[in-house]
1. Among 132-140, 258-266, how do they line up from the highest to the lowest mean number of other beta-carbon atoms within 10 Å?
2. What value, in deg cm²/dmol to 500, does the helix sum -39500 (n - 2.57) over DSSP H runs of n ≥ 4 give at 222 nm once divided by the residues of the chain?
3. Working from Cα positions, state the angle (0 to 90°, nearest 10) between the long axis of helix 340-363 and the longest principal axis of the chain.
4. For a quick protection proxy, order the peptides 241-247, 345-351, 226-232 by their average other-Cβ count within 10 Å, most packed first.
5. Please rank 176, 152, fewest neighbouring Cβ atoms within 10 Å first, as an exposure proxy.
6. Please state the relative contact order of the chain as a whole percent: Cα pairs under 8 Å, 6+ residues apart?
7. Which angle between 0 and 90 degrees, to the nearest 10, do you get for helix 236-245 versus the longest principal axis of the chain when only C-alpha atoms count?
8. Match the structure shown to one of the listed values (1) 21.3; (2) 23.2; (3) 26.7 of mean projected area of the Cα convex hull in nm², computed from it, and give that label.
């Protein structure tokens, strides 16, 4: 990877931390480029009480000076405000046993049991604190920085919700709907179904259940040729799929009409190629979703993901205590009824990360001006090809 990062931190620890390496110098960057993304990630109808406690803000501890990146690694911090209520529970000092709020009954669908077995933990809080989707707050922050780089290179994007709780939007996506999506508590394109979706979320909350849905992210303005066909690990669709599947609760990913295309003949799947002097190379359809053979085609990139319902249920499923080995109800932790709208923000941010890395891989450059000059020269070459 050219754009590398590592993150650390627990859900109820003092902070989330990350180091990001590989950004060119000269990228305009401030908290105003990141904090709105963190706010969107915390929003959406169906979120839990934790979102009322936290008001995420980014702090640049290194790598930014005078509102621009220096080319040095970025050090990022997001404080956990809820830490003040967990200082004793999350105390790193030795001898704190038996621990307060120890969790010994694993939740079906969560990392609890398998993580406990893998790392030898009997207090499963040692698993869930890192497996928690709280970790995505920092990755969204890094994705927001990647998005800032993409925007400097002429790329636009949006994340939204085509379906939540089995209720699908009847309004197809168009870029003119961006403002409506950003203002919607469900991030949907169809105001006509929002009342039904909200009612479904309320009903799930009342019954102690949770809801999943579909997420979609779209990007336009991408150059053709990001990624490569020459080695499996350089194929961009594979890199996108890995990143998307790393989002907690995502259980499926497709590019374009991937799953629907599996049941169609090739003549109804592949996008015919055209060229004229006015438009250059173009397609009249985009069933491939902007990717062919592991490379961007220059068309709109369409990434869709399936998000399962959250594993923490207020009416818990049967489980077994890992200490006593006796049957017990799965643990209850403060949680959301649904995180689908927020997850669409996460999807957009994390695909931005992969794309920014692909741009830096293809064009290189130690400064933003170098990258922009090389992208502009490449666009000229594409038009003349």
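Read-outs throughout are calculated quantities, based only on the coordinates presented, and are distinct from any laboratory measurement. Everything numeric here is computed off the predicted structure, so don't read it as measured data. Every residue, glycine as well, gets a Cβ built from its backbone with ideal geometry; the counts of neighbours run over all protein chains shown.
1. The peptides rank, most packed first, as 132-140, 258-266.
2. -9500 deg cm²/dmol
3. With rounding to tens, the tilt is 50 degrees.
4. 345-351, 241-247, 226-232
5. Listing 176, 152 from fewest to most nearby Cβ atoms yields 176, 152.
6. Computed over the chain, the figure is 23 percent.
7. Computed tilt is about 20 degrees.
8. (1)
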